[in-house]
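All of the numbers you see were taken from the coordinates with simple rules; none came from a lab. Every value quoted in this text rests on a predicted model; they were computed, and no experiment measured them. Positions of Cβ are backbone-derived with ideal geometry, glycine not excepted, and every protein chain shown enters the neighbour counts.
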Amino acid sequence: MVTLKGESTGRFWESFHGPNMGYVEEQYELFQEDPDSIDPSVKAMFEEHGAPTWLFESGADSAKGEGISLQDIKKFSQTMKYIEAIRHQGHEEADIYAVGKRNGKSNLLDPATHGLSKEDLMSIPASHVWEDAPSNIHTAYEAAQYLKEVYTGTISYEYNHLTNVDERKWLQDAIEKKSYLRTLGNEEKEALLSRLVEVEGFEEFLQTTFVGQKRFSIEGLETMVPILDKIVEKANDDQIDKVMMGMAHRGRLSVLAHVLDLPKDTLLAQFQHSSDENFATNSDADPLGTGWTGDVTYHFGGEREITSESGHKTTVKMAHNPSHLEYVNPVVAGFTRAAQDDRSEKGYPKQDLNKAFSVLVHGDAAFIGEGIVPESINLGGIKGYHTGGTIHLIANNLVGYTTTQEEGRSTRYSSDLVKGFEIPVIHVNADDPLACVAAALIAYEYRKKFKKDFLIDLVGYRRYGHNEMDEPRTTQPVLYKQIDEHPTIVELFEQELLIEELITETTKEEMQSKVKESLQKQYESLSVEPTPSLDSKATPEEVQVNPDYDTAVSLDVLQKLNEEMLERPEGFQQYRRLNRVFNRRKNLFEKENSKADWGMGEALAYASILKDGIPIRLTGQDSERGTFAHRHMVLHDAETGEKYCSLHGLEEAKASFDIHNSPLSEAGVLGFEYGYSVHSDETLVIWEAQFGDFANVAQVIFDQFISAARAKWGDISNMVMLLPHGYEGNGPEHSSARLERFLQMAGEYNWTVANVTSSAQLFHLLRRQAMMKGKAEARPLVVMSPKSLLRSQRAASAAEEFTDGKFELVRQQPNLRVSKKNAKRLLLGSGKVMVDVEEAIEKSEDSFNWLRALRIEQLYPFPAEELKKELAQLPNLEEVVWLQEEPKNMGAWSFIAEQIQDLLKENQKLRYIGRSRRSAPSVGEPNIHRVKQAEIVEEAINPNKGGNSSEGN
Ligand SMILES: Cc1ncc(C[n+]2csc(CCOP(=O)(O)OP(=O)(O)O)c2C)c(N)n1
């Protein structure tokens, strides 16, 4: 035996003597210079145990040259490597695949690869290679056997990518001491069998009763239910208020029926009345008369409240889910953050990570394939977005629709991308329910302790095709041959419990009959009336299309708010060049004709909303300063770099103001903010795109959630999206926020689309939006926000526009007050181009007594009544001209033409002025832009230019 003496005492370094000490000293010197220059196993030793203790002992003398041979030292070091290989590569041999290609042997787990024989391993005391080895393990050989059993069984682990020593140690202990493995008592095991019977019975009942209907059965991954049960149970024990869940189609119905405890008769009713895709379509449920569209059964979510023995109530909420896989992830994170934040006081909200957490169930193909996954996970460690750890569960059935793993990814595991985020991973065989429960416990406890994400890769199979009408044997014949012959989880677990003599031969059958009978009874007592929606509250209410709230604020309040926003904490050193910006804001509205510019109007809106007690959350790329440096709401001390938010000093603010620069993400961040706004309907949530056209990267969130969620699921949001828009010669990519897309999606008063031209208009619009909170008329607001107008005096507003005004859906052109009787042309337009018109009119010598112009400040809901009133006052009107700077196939034209045409008399023409149809939104060359812009503006105010003049542009 190698002469490293001493059994494990916890004093690791005491076991080193003679030449070992010399070797270790040398290695430690190298380690100090460059940790990566030495063998990883030795490096791990230093990381775990620190410096050799004898280095600090006075008079200590290393025993270089004494005792054992160099070969022994090498053996020892190789053994360490071998042991570490078992820990870190054990997953490569693990028994985690119930069906399909099983894991083979890994070279690294073969002692021969490390130059070791069994005898070598037998000659080393276990304590030298594994400090915490159980007392019945004496040699390195036994240690290796034990660790192999731990790391290559039906549950395998990946945590070597973590850099935090405490986390590694905690995980290693949890795994190697088997603290969470097979912890269930006899009764719990029987209850687990019963749960699996329930799940299987439910799926089988649906399969036989509703033949040919899609349900995306859980079969092959039934253990997903006990995993989620365990997480929810632990959360309730720990007095967590909310467990926010998100998942796709796979197994969703079973999760709703069991984990969410949704009444099974409700679900059965959905199937009974479902004609496949459109079960919820029912015009009777739509008081608006324009289509309450609903969604397919397997997209609906639900809520459940559970009460612990101590009386604590935990709400488990499953988010409604669109077809678009994985896009619900950031939305759920937003729910969770909203549930954690206390917004009742000024300053940043106070976050309590123990109030809520997220659980996300993913598909194995979607998790690695969809970019929204890393985009959302990246939010998890960022101050403005983190939620203290999400538990991820990959429902891994080895196939994505008909796509194999080889076709679906470049990585070994679907989960591999999380390693960069230092998220620990467990792969667990879905056929081992006890290992699955252990995985749930480790994930839960790790999240609880370290407030970080954890991932469980639940590896099972898919008993049927992608859905129940799909024939998987056409594309996966070999795999399905195995699946067809593979026993169900209930059969397997029954066998296990029979061997343990915990149940009798009839227990399973009794459980099964009970489940079947209960379902049959519920099915037979279903009413014949169709059930329109899973959630009876989720029907639209009468909406006030343009709520007429009093949004004006008195002058003294505005001035006080402004002064407070200009105050700085004691000793705060504002960056010198900003003084100019803020000096301009001093003495607001005191001088005659003084005006508030865009940034001021926006700040006053927020400040007054906070005074009204409504919390605000504003995020976006560079939003603290503002991409165009107009906002400067978060200031940095020039000396210390410390941040100060000017809206946190408001004496009378009664709610929090949360503002963050977002990471470079659109879909992820927008999804998060949307989720936040749905969960916290009392908060004004604002997302700002850096340039409006980047919003197209978040198209799924607009299409599947923000525009349609209320009609599909009854989710209400009044969030705001600020999308910088306007043609200023910045080229095809920084000109258009693609207004046309938002108008195309406008229907059923689903949102407001506005393009406003003054700071007071923005002020009233934002205040109106904030006041919609929690009301039936609440709806999202899409604002085409400005760039050059941020600094234009033409967009600045006078005091009375704030103190007496309100949001005007339609605005008169400021410098054009001609007699209504003489007007021959009514020029209509929206946004910055109308400010260009204002400028052109000012420069022109024409009296314009023939021209009237209106700005459509709210494009949707279209202000038809206001326009009708205006038209009625123009007796000699010959034409209405729509002017836009976007190409004809973009901007508002297609949407607006139809709206205006309906209002015109027979002898009145509707004409378009603007750029012709284009494939790209704008030209690239700024000079060409300028010429063209001047041309269309000129044409709009030129009395001689009639007819279809811009078609040839
Ligand atoms: C963004 C998106 N792309 C494509 C689809 C179509 N689709 C639905 S399920 C599916 C396969 C998903 O495979 P996986 O993630 O492994 O989940 P499984 O269905 O196997 O549970 C595909 C391609 C979709 N719904 N969403």
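Tabulated results
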{"read-out": "Residues with amide H under 5 Å from that of residue 427, placed H, sequence gap 5 or more", "value": "156, 157, 158, 457"}
{"read-out": "Per-selection Rg to Rh, the stretch 424-529 - Cα, Kirkwood hydrodynamic radius", "value": "1.08"}
{"read-out": "Calculated P(r) of the stretch 283-424 - Cα pairs past 20 Å, %", "value": "59"}
{"read-out": "Viscosity 0.692 mPa s, 37 °C: Kirkwood-radius Stokes-Einstein D of the stretch 363-489 over Cα pairs, µm²/s", "value": "207"}
{"read-out": "Angle in degrees between helix 140-151 and the longest Cα principal axis of the chain, rounded to the nearest 10", "value": "40"}
{"read-out": "Exposure proxy order (Cβ contacts within 10 Å, fewest to most) of 461, 749, 444", "value": "749, 461, 444"}
{"read-out": "Kirkwood estimate for the stretch 575-649, i.e. one over the average of 1/r between Cα atoms, Å", "value": "13.7"}
{"read-out": "Rg ratio (alpha-carbon, reference 2.2 N^0.38 Å) - the stretch 91-137", "value": "1.53"}
{"read-out": "Ranked by how many other beta carbons lie within 10 Å on average, peptides 711-720, 398-407, 366-375, 28-37 from highest", "value": "711-720, 366-375, 398-407, 28-37"}
{"read-out": "Value of Rg/Rh across the stretch 554-694 [Cα atoms, Kirkwood radius]", "value": "0.97"}
{"read-out": "Size of the stretch 623-732 as Cα extents on the principal axes (Å, biggest first)", "value": "50, 41, 21"}
{"read-out": "Distance violations [Cα-Cα > 32 Å] among 177/234; 775/824; 169/264; 643/775; 595/888; 595/843", "value": "775/824; 169/264; 643/775; 595/888"}
{"read-out": "Angle between the chain longest axis and helix 759-771 axis [Cα atoms, degrees, rounded to 10]", "value": "50"}
{"read-out": "Solution diffusion estimate, µm²/s, Stokes-Einstein, the stretch 802-953, Kirkwood Rh from C-alpha pairs, 4 °C, viscosity 1.567 mPa s", "value": "82"}
{"read-out": "Whole-Å distance, taken between Cα centres, linking the stretch 433-482 and the stretch 731-786", "value": "42"}
{"read-out": "Karplus-derived HN-Hα couplings along the stretch 730-742 (A = 6.51, B = -1.76, C = 1.60, θ = phi - 60°), whole Hz, x at Gly and Pro", "value": "8, x, x, 9, 10, 10, 10, 8, 6, 3, 4, 5, 5"}
{"read-out": "Alpha carbon convex hull of the stretch 892-933, projected area averaged over orientations, nm²", "value": "3.9"}
{"read-out": "Amide H partners (placed H, <5 Å) of residue 827, local residues excluded", "value": "852, 853, 854, 881"}
{"read-out": "Rg/Rh ratio calculated on Cα atoms of the stretch 693-845 (Kirkwood radius)", "value": "1.00"}
{"read-out": "HN-Hα J in Hz across the stretch 686-698 - Karplus 6.51, -1.76, 1.60, θ = phi - 60°, x for Gly and Pro", "value": "10, 10, 10, 7, 5, 10, x, 6, 5, 4, 5, 5, 9"}
{"read-out": "Three-way shape call for the stretch 681-776 based on the alpha-carbon gyration tensor, with the a/c threshold at 1.5", "value": "oblate"}
{"read-out": "Cut-off under 5 Å, modelled amide H: who pairs with residue 486 long-range", "value": "none"}
{"read-out": "More than 17 angstrom apart: percent of Cα pairs within the stretch 694-743", "value": "42"}
{"read-out": "For the chain, share of DSSP beta bridges that run antiparallel, in % to the nearest 5", "value": "25"}
{"read-out": "Whole-Hz ³J(HN,Hα) from phi, Karplus 6.51 cos²θ - 1.76 cosθ + 1.60, for the stretch 780-794, glycine and proline x", "value": "x, 10, 9, 10, 6, 8, x, 10, 5, 5, 4, 10, 8, 5, 5"}
{"read-out": "All-pairs alpha carbon distance profile, the chain, 20 Å steps from 0, percent", "value": "12, 36, 31, 17, 4, 0"}
{"read-out": "Value of D in µm² per second that Stokes-Einstein yields for the stretch 739-791, Kirkwood Rh from Cα pairs, at 4 °C (1.567 mPa s)", "value": "106"}
{"read-out": "Convex hull volume per residue in cubic angstrom - Cα atoms of the stretch 128-237", "value": "177"}
{"read-out": "Using alpha-carbon coordinates, inclination of helix 165-176 to the longest axis of the chain, degrees", "value": "50"}
{"read-out": "Within the chain: Cβ-based charge dipole about Cα centre, in debye rounded to nearest 20 (Lys, Arg +1; Asp, Glu -1)", "value": "3640"}
